[in-house]
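Reading through the structure tokens given below for one structure.
The values are calculated or read from the model by the stated rules, or taken from the named source; none is laboratory data. All values derive from a computational prediction rather than experimental measurement. No Cβ is skipped: glycine too gets one built from the backbone with ideal geometry, and neighbour counts run over all protein chains shown. For accessibility, only protein heavy atoms count, side chains too; no ligands or nucleic acids. Shrake-Rupley method; radii C 1.70, N 1.55, O 1.52, S 1.80 Å.
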Amino acid sequence: MGCGRDKEVAQTPADTTQLPLMMAIDIEVIFSDSGRLQARVTGPIANRYEGEKVWLEFSKGFRAEMFDSAQRLETTITADYGKRMEDTKTMEARGNVIVRNEFKNEQLNTEVLIWNEMKHTISTDSPVIITTPDKVLHGTGLEANETFTNYRILRPRGEMQVKEDSL
């Protein structure tokens with residue numbers, strides 16, 4: 001007993017599978033095609049993990065900005081947590097997820113959202129609230145294009161106005 005090192009413990013490698021390979025503070029990731037800005041993701045802290053899968057984790061939240069063909073800010077996504085999987089090109093947002101279409105002045109609020117960069121879609125199975133300039137929509141589940149210009153609530157609920165001649 002004493003301050004000596006146990007040779008077996010000293011020779012056992014540490015498990016590094018859950019440690020980030022890289023950590024960055026105040027990160028900005030740019031997505032472009034042929035020199036045209038398509039999206040920008042920023043966050044206070046990003047950790048990159050590698051192993052069987054490679055992912056980037058925004059443990060303190062993130063902001064994603066999508067731009068139209070004229071490179072005007074069209075849509076923003078913010079969340080308390082984000083995880084981007086390199087192989088599938090998907091990003092999962094969790095906690096206080098807000099999607100805003102700046103052109104239409106519409107906002108989606110939910111707790112979980114998946115952004116599929118390859119399909120250019122966003123989706124969730126969680127409860128959603130969509131606020132438009134003239135109404136508030138509620139439901140569970142949503143499928144939309146990544147710019148949140150076209151969307152479909154999978155299980156809508158609440159009161160809806162129907163024109164008398166459309167019945």
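Every test in (1) among the basic types (Lys, Arg); (2) closer than 18 Å to Ala64 by Cα; (3) open to solvent by 40 Å² or more (accessible area, probe 1.4 Å) is passed by Arg157 save one, and that test is (2). Considered as a group, the residues in region 17-41 that are among the β-branched types (Val, Ile, Thr) and surrounded by 16 or more Cβ atoms within 10 Å (Cβ to Cβ) include one that is farthest from Met85 (Cα to Cα), and that residue is Ile27. Is it true that some residue in region 77-87 is open to solvent by 30 Å² or more (accessible area, probe 1.4 Å), over 29 Å from Arg36 (Cβ atoms) and either touching a His at 6+ places or on another chain (Cβ under 8 Å) or not hydroxyl-bearing (Ser, Thr, Tyr) (or both)? Yes: region 77-87 contains one or more residues that are open to solvent by 30 Å² or more (accessible area, probe 1.4 Å), over 29 Å from Arg36 (Cβ atoms) and either touching a His at 6+ places or on another chain (Cβ under 8 Å) or not hydroxyl-bearing (Ser, Thr, Tyr) (or both).
Suppose we filter Glu102, Glu106 for residues that are of a type in the set (Asp, Glu) and open to solvent by less than 50 Å² (accessible area, probe 1.4 Å); which single one remains? Show your work before the answer.
Details: Glu102 fails: open to solvent by less than 50 Å² (accessible area, probe 1.4 Å).
After ruling out the rest, the residue left standing is Glu106.
Would you confirm whether or not region 124-139 contains a residue that is more than 30 Å from Met23 (Cα to Cα) and of a type in the set (Lys, Arg)? Looking for residues that are more than 30 Å from Met23 (Cα to Cα) and of a type in the set (Lys, Arg), one finds at least one in region 124-139, hence yes.
Would you list the strands (runs of 3 or more DSSP E) that sit entirely within region 60-167 and hold 1 or more residues that are more than 14 Å from the chain's Cα centre (by Cα)?
Numbers: elements: 62-67, 73-79, 81-85, 90-101, 106-116, 121-131, 136-145, 151-157.
Where strands (runs of 3 or more DSSP E) fall fully within region 60-167 and carry at least 1 residues being more than 14 Å from the chain's Cα centre (by Cα), they are 62-67, 73-79, 90-101, 106-116, 121-131, 136-145, 151-157.
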